[in-house]
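Here is the structure we will look at.
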Amino acid sequence: MNGDTIAAIATASGIGGIGIVRISGASALKIAKSICSASLSPREAGFTHFVDQGEIIDQGIVIYFPAPNSFTGEDVVELQGHGSDVILNQLLALSLQLGARLAKPGEFSERAFLNNKIDLIQAEAIADLIESQSQFAARSALRSLRGEFSIKINQLIEQLIKLRMFVEAGIDFPDEEIEIRSNAFIEENTRYVIKSISDVVVQAERGCLIRNGVSAVIVGAPNVGKSSLLNYFAADDIAIVTPKAGTTRDVLRQEILLGGRTIKFIDTAGLRTSSDEIEQQGIKKAAAHIKSADIILFLQDISLDNIKKEKSVVDIKQELALFDIEPHLNSVFIIINNKIDLINEKPSLQEKGGFIEVNLSVKANLGLDLLEQSLNKQLDIGAGEGDFSARSRHLSCLQSAQKSVERGLSQFETNAASELLAEDLRLAQDELGKITGAITSDVGSGGCR
């Protein structure tokens with residue numbers, strides 16, 4: 001770690017009751033003593049005047065956290081004054097004049113990581129907690145910050161280390177008088193490791209959805225009510241609604257909180273064959289979002305005579321295929337039969353094989369509560385009290401680790417290739433180590449602990 005001292009304003013910009021300047025490094029205490037009129041005692045909040053060359057800048061609280069028992073593992077001082085940008089910038093400028101340098105974005109967390117106060121998952125969880133847009137996202141990020149995700153990764157690494165020891169013992173000491181595990185034992189334990197990784201993969205997938213929000217793409221032909229549905233959820237007229245087909249040509253997005261979770265609604269251009277170049281570009285953009293959607297809200301005007309009343313997911317996929325659109329395998333389909341008020345039908349919700357069907361009228365405000373109910377249910381599916389926040393890189397590393405172990409097991413079962421299994425287990429351990437920021441795969445050193 002560099003010996004320099006860093007400082008930065010730790011609270012958000014703007015007017016507030018309290019604002020904090022944080023200083024970390026070898027000179028933090030010396031700088032604070034030059035600014036504060038009060039004496040500093042470790043981990044005690046003390047009232048002080050903040051002084052610049054004898055002139056009082058502000059008054060507030062100062063707290064000194066001596067190393068190594070601080071967030072960064074270094075000497076840390078927090079100057080807690082009034083939440084004025086003018087005052088906080090004065091305190092920061094004074095800290096810099098006295099020997100600190102301006103911290104880079106995320107540098108306090110970086111120092112905490114480098115000083116082994118937190119791992120990489122926890123460092124990322126700090127940013128996730130700050131940026132969280134829903135209660136579920138905040139709670140999940142807090143669980144990761146507290147180390148719950150890290151514990152699961154370290155448990156997987158311990159399993160891999162133990163399994164590697166058994167496999168490599170048979171390779172390195174085939175003629176020694178030590179206990180060599182049977183092939184059946186190795187295969188059974190390798191399958192157990194694969195199952196353990198798979199379970200964490202499922203949790204990480206949920207964690208990604210919680211962190212990023214669920215995407216719900218509104219799809220259908222022109223003039224079926226897609227933009228009206230978006231306006232309903234947005235509680236605002238963000239999309240233009242006219243009787244003219246092809247009004248929506250670009251993608252419109254709106255994030256809302258539904259049941260405490262973030263859902264990203266995406267209104268797309270109406271799907272139809274068109275010679276209009278701009279409309280064609282809109283349909284291409286729609287296709288990209290449909291292919292990656294978590295939920296596909298397929299709208300149709302049920303009042304039209306040529307509309308198939310009993311439509312299935314197969315029917316929808318065939319319609320999308322006409323525009324070279326293939327939805328994601330895990331996409332959830334909700335078929336929305338809109339404009340029931342025109343044919344005097346009642347609102348209804350049915351769960352059918354592989355999809356949900358809702359009969360409603362956006363314009364007449366009929367059955368929209370049923371749609372919200374079905375969306376809430378989809379957001380709740382698989383949700384657990386122990387869910388943690390996760391990022392795409394975490395999921396990618398977990399999936400790579402699982403593939404490596406599966407490949408090694410296949411080669412071991414087919415050819416009794418212990419060396420290949422050992423190498424794949426090492427690769428899997430490296431992938432998991434990348435998640436926490438510790439990538440050593442030396443069995444003798446205890447791996448990634």
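Answer with yes or no whether residue 358 is part of a strand (DSSP E or B) and of a type in the set (A, V, I, L, M).
Details: part of a strand (DSSP E or B): yes; of a type in the set (A, V, I, L, M): yes.
Taking the combined requirement at face value, the residue satisfies it.
Is it true that some residue in segment 337-354 is closer than 29 Å to residue 141 by Cβ and outside the structural domain of residue 200 (by TED's automatic domain parsing)? I'd like the intermediate steps shown before the answer.
First, the residues of segment 337-354 that are closer than 29 Å to residue 141 by Cβ: none.
Scanning segment 337-354, I find no residue that is closer than 29 Å to residue 141 by Cβ and outside the structural domain of residue 200 (by TED's automatic domain parsing), so the answer is no.
Going by what's in this entry, would residue 116 be described as surrounded by fewer than 18 Cβ atoms within 10 Å (Cβ to Cβ) and farther than 27 Å from residue 21 by Cβ?
Details: surrounded by fewer than 18 Cβ atoms within 10 Å (Cβ to Cβ): yes; farther than 27 Å from residue 21 by Cβ: no.
Answer is no for this residue.
Go through segment 62-157 and tell me which helices (runs of 4 or more DSSP H), entirely inside it, have 1 or more residues that are within 30 Å of the chain's Cα centre (by Cα) and not aliphatic (A, V, I, L, M).
On the way: elements: 85-97, 107-114, 120-131, 135-145.
Result: 107-114, 120-131, 135-145.
Name the single residue, out of those in segment 323-372 being of a type in the set (Asp, Glu) and exposed (fewer than 14 other Cβ atoms within 10 Å of the Cβ), that is modelled with the highest pLDDT.
Step by step, filter segment 323-372, then rank; the result is 369.
Of the residues 91, 102, which is crowded, with 17+ Cβ neighbours inside 10 Å, out of contact with any His (no Cβ under 9 Å at 6 or more places or on another chain) and farther than 30 Å from residue 261 by Cβ?
Numbers: 102 fails: crowded, with 17+ Cβ neighbours inside 10 Å.
Of 91, 102, the one residue that is crowded, with 17+ Cβ neighbours inside 10 Å, out of contact with any His (no Cβ under 9 Å at 6 or more places or on another chain) and farther than 30 Å from residue 261 by Cβ is 91.
Scan segment 4-56 for residues that are among the small types (Gly, Ala, Ser), buried (at least 16 other Cβ atoms within 10 Å of the Cβ) and assigned to a strand (DSSP E or B) and jot them down.
Across segment 4-56, the qualifying residues are 7, 8, 19, 24.
Could you list, in sequence order, all residues of segment 15-30 that are more than 31 Å from the chain's Cα centre (by Cα) and of a type in the set (Ser, Thr, Tyr)?
Of everything in segment 15-30, just one residue is more than 31 Å from the chain's Cα centre (by Cα) and of a type in the set (Ser, Thr, Tyr), namely 27.
Kindly indicate which of 197, 171, 186 is at pLDDT 95 or above and outside any loop (DSSP other than H, G, I, E, B).
Working: 171 fails: at pLDDT 95 or above; 186 fails: at pLDDT 95 or above.
It is 197.
Could you grab me the full set of residues in segment 11-57 that are β-branched (Val, Ile, Thr) and farther than 18 Å from residue 84 by Cβ?
Residues of segment 11-57 β-branched (Val, Ile, Thr): 11, 15, 18, 20-21, 23, 31, 35, 48, 51, 56-57.
Once the filter is applied, which keeps residues that are β-branched (Val, Ile, Thr) and farther than 18 Å from residue 84 by Cβ, segment 11-57 yields 23, 31.
Can you tell me which residues in segment 384-435 are of a type in the set (Asp, Glu) and either over 18 Å from residue 119 (Cα atoms) or without any contact (Cβ under 8 Å) to a residue 24 or more places away in the chain (or both)?
Filtering segment 384-435 down to residues of a type in the set (Asp, Glu) leaves 385, 387, 406, 413, 419, 423-424, 430-431.
Selection gives 385, 387, 406, 413, 419, 423, 424, 430.
Of all the residues that make up segment 287-330, how many are assigned to a loop (DSSP other than H, G, I, E, B) and within 20 Å of residue 361 (Cβ to Cβ)? So that I can check it myself, show each step before the final result.
Step one: list which residues in segment 287-330 are assigned to a loop (DSSP other than H, G, I, E, B), which gives 292-294, 302-312, 322-330.
The next check asks that each one be within 20 Å of residue 361 (Cβ to Cβ); those that pass are 302-311.
Residues flagged as assigned to a loop (DSSP other than H, G, I, E, B) and within 20 Å of residue 361 (Cβ to Cβ) within segment 287-330 amount to 10.
The values are calculated or read from the model by the stated rules, or taken from the named source; none is laboratory data. In this text, all values refer to a predicted model and were calculated from it rather than measured experimentally. For neighbour counting, all protein chains shown are included, and Cβ atoms are generated from backbone atoms with ideal geometry for every residue, glycine included.
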